[in-house]
Amino acid sequence: MLIKGLEAAARGDLNAVDIVWVKLKDEKGNVTQIDGVTLSITKGMYKDLLSNIYVDVTNSQDAGALTVPAGQFEGTSKIRSKTKIFGKTYEADGWYHKEVPINGLVRSVATDNSFTSELVDFGKTGAKSSI
């Protein structure tokens with residue numbers, strides 16, 4: 001997800017959050033970007049999802065190097081967390097790196113292997129308007 005307004009959200013203004021696009025990767029490795037009118041249909045759901053997430057970090061350890069589509073990251077940290085959302089609890093291992101903006105997440109894998117999320121790209125200069 002490309003999210004704008006997180007600085008204001010961190011100060012409590014959740015209305016400032018705007019989701020610019022969402023990228024999803026299917027089981028064959030094809031990446032689809034959802035934006036514009038298509039995203040506007042589900043944007044409210046994504047914003048609600050972001051504002052209702054509760055995460056409990058249970059442990060942290062050094063995890064060394066990790067390679068994902070966005071590149072190789074040396075010196076990652078691995079964290080086991082439990083996330084409560086929509087009344088259900090999900091447990092996952094996440095690999096984080098200090099060079100990745102926003103939350104540092106590089107890869108996440110559910111402990112029951114029901115999902116995997118990997119960083120496909122990132123930047124440090126912010127979103128650019130296409131308008």
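The values are calculated or read from the model by the stated rules, or taken from the named source; none is laboratory data. Bear in mind that the values here come from a model prediction, so they are computed numbers and not experimental data. Positions of Cβ are generated from backbone atoms using ideal geometry, with glycine treated the same way; all protein chains shown enter the neighbour counts. Side chains included, ligands, DNA and RNA excluded: accessible areas come from the protein's heavy atoms. Shrake-Rupley method; radii C 1.70, N 1.55, O 1.52, S 1.80 Å.
A few remarks follow.
- Here the Karplus relation 6.51 cos²θ - 1.76 cosθ + 1.60, evaluated at θ = phi - 60°, turns the backbone of the range 20-35 into coupling constants of 7, 7, 10, 10, 10, 10, 7, 5, 8, x, 6, 9, 10, 9, 10, 8 Hz, with x for every Gly and Pro.
- The stretch between Leu39 and Gln61, if pulled fully straight at 0.36 nm per residue, gains 4.3 nm over its current Cα-Cα span.
- FRET efficiency estimate (nearest 0.05) - Cβ-Cβ, Gln72 to Asn30, R0 30 angstrom: 0.85
- Computed accessible area, Lys82, all protein chains, 1.4 angstrom probe, square angstrom: 80 Å²
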